[in-house]
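The values are calculated or read from the model by the stated rules, or taken from the named source; none is laboratory data. Quantities reported herein were computed from a predicted structural model and do not represent experimental measurements. So basically every Cβ, Gly included, is an ideal-geometry build from the backbone, and we count neighbours across all protein chains shown. Just the protein is used for accessible areas: all its heavy atoms, side chains included, with ligands, DNA and RNA removed. Shrake-Rupley method; radii C 1.70, N 1.55, O 1.52, S 1.80 Å.
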Amino acid sequence: MSDFWNQIQTFAETNAYHIGQQLLKEFGKVQSREKADGSLVTQADEWSDRTLQNAIAETFPDHGILTEEQTRTFPNREWCWVIDPLDGTTNFARGIPVWGVSLGLLHWGNPVFGHVYFPPIQQTLQGIYTDQHQEATINGQPLKPSQDQLTSNHFFSFCSRSIDFYQPPFPCKVRMLGVASYNLLTVAIGSTLGAVEATPKVWDLAGTVPILQAAGVVWKSLGSDPIFPLTPGKDYTRVSCPSLVVTREDLLETFAGLGESLRETS
C-alpha cells in the first residue's frame, strides 16, 4: 500500500480512537438539545467536530472538510473529509451503547475511504475502495458478509423513519439500531442480510459506503438523483440520501417494494 494510504489510515485510526475514548467518559451523562432540523446535538458532538476539523487542517491543509455540525457546503477540492463526529447522538445521550465516530474521504466528490469507530462495542470498521485497491476490515480482520440464503430467522434492519413502510408478512426478522452507519454496516459485518435508511445525510454515508463497497455487498441509492459525486458549492444540509444495502444482487428484487415505497416519498 502507498505511503499516502498508510498516512490516511493512521490519521483516521489515531484520531477516531482519541475522540472515542474521550466520548466514552461523557457517554450517558450529557444533556442534548434540539437543532433546527429536529435532530439532537450535545456539547460532545461539537467538541468532537472541532477536534477532528483542527486535526485535518493541521495534517492535510489542502484537503476540504464537510461536517454535520458546521461546514455543510461541499468545497471544490480534490480531496475532502466528511465528518460525522458522533453518529447516534440520541443513543449516546440516552445511554444506549451503539454510537460511533465516522470519517470519510472523498476524491473529486466520490467516497474512497471510510473509517468508523464504535467505542462502546469496541468495533472499528475501515475500507478503501479505489480502482487500484479494495479492502474492508473489522478490527483489522477482513469483513465477511453473510452468504446465507434468506430465511425467517435472518435479520433486516430498518431505521426509525422507514419502519412505517414495514408490511407483514416480512421475509425475515426486523431490527432497529438507531445509528445510520451501524445500521448499514451490519450487512457488511454479516449480522443482517439487508438494511435500509430513509433519510441519511452525506455524512452518514461518506465513511460507510467505501466499507460496504469494498466488502462486496450491494449499496443502492433509492433517490431520484445520484448521490455521488457531490457537487461543489452545494449545501447538503437538507439533502436526504435514502439507501438500501443487501448482501447480494438477487435480494434487491426481494426488497424492491420497500425501495419503491421509500423512493416515492424521497
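Quick notes on this one:
- Count of residues meeting criterion [of a type in the set (G, A, S) and on the phi > 0 side of the Ramachandran plot] in region 105-162: 2
- Residues that are part of a loop (DSSP other than H, G, I, E, B) and out of contact with any Gly (no Cβ under 6 Å at 6 or more places or on another chain) within region 99-132 comprise W108, G109, Q122, T130, D131, Q132, listed in sequence order.
- In region 198-222, the residues that are among the β-branched types (V, I, T) and either open to solvent by less than 40 Å² (accessible area, probe 1.4 Å) or in contact with a His (Cβ under 8 Å, 6 or more places away or on another chain) (or both): V202, T208, V209, I211, V217, V218
- Yes/no for D225 being without any contact (Cβ under 8 Å) to a residue 24 or more places away in the chain and open to solvent by 30 Å² or more (accessible area, probe 1.4 Å): yes
- In region 135-181, the residues that are part of a strand (DSSP E or B) and free of Cβ contacts under 8 Å to residues at least 24 places away in the same chain: T137, Q141, P142, K173, V174, R175, M176
Every residue, every condition in (1) closer than 27 Å to P75 by Cα; (2) not β-branched (V, I, T), yes or no:
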| residue | (1), (2) |
| --- | --- |
| F165 | no, yes |
| P169 | no, yes |
| L184 | yes, yes |
| S191 | no, yes |
| V196 | no, no |
| P210 | yes, yes |
| G216 | no, yes |
| K234 | yes, yes |
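- G140 fulfils the conditions (1) in contact with a helix residue (DSSP H, G or I) (Cβ under 8 Å, 6 or more places away or on another chain); (2) modelled with pLDDT of 95 or more; (3) within 29 Å of F27 (Cα to Cα) except for a single criterion, (1).
- Residue match in region 100-119 (condition: farther than 24 Å from G64 by Cβ and open to solvent by 10 Å² or more (accessible area, probe 1.4 Å)): no
- Condition met for Q126 (under 19 Å from N6 (Cα atoms), open to solvent by 10 Å² or more (accessible area, probe 1.4 Å) and at pLDDT 95 or above): yes
- Residue in region 125-139 that is in contact with a strand residue (DSSP E or B) (Cβ under 8 Å, 6 or more places away or on another chain) and small (G, A, S) present: yes
- Residue that is farthest from R238 (Cα to Cα), among those in region 42-79 that are in contact with a helix residue (DSSP H, G or I) (Cβ under 7 Å, 6 or more places away or on another chain) and of a type in the set (D, E, K, R): D45
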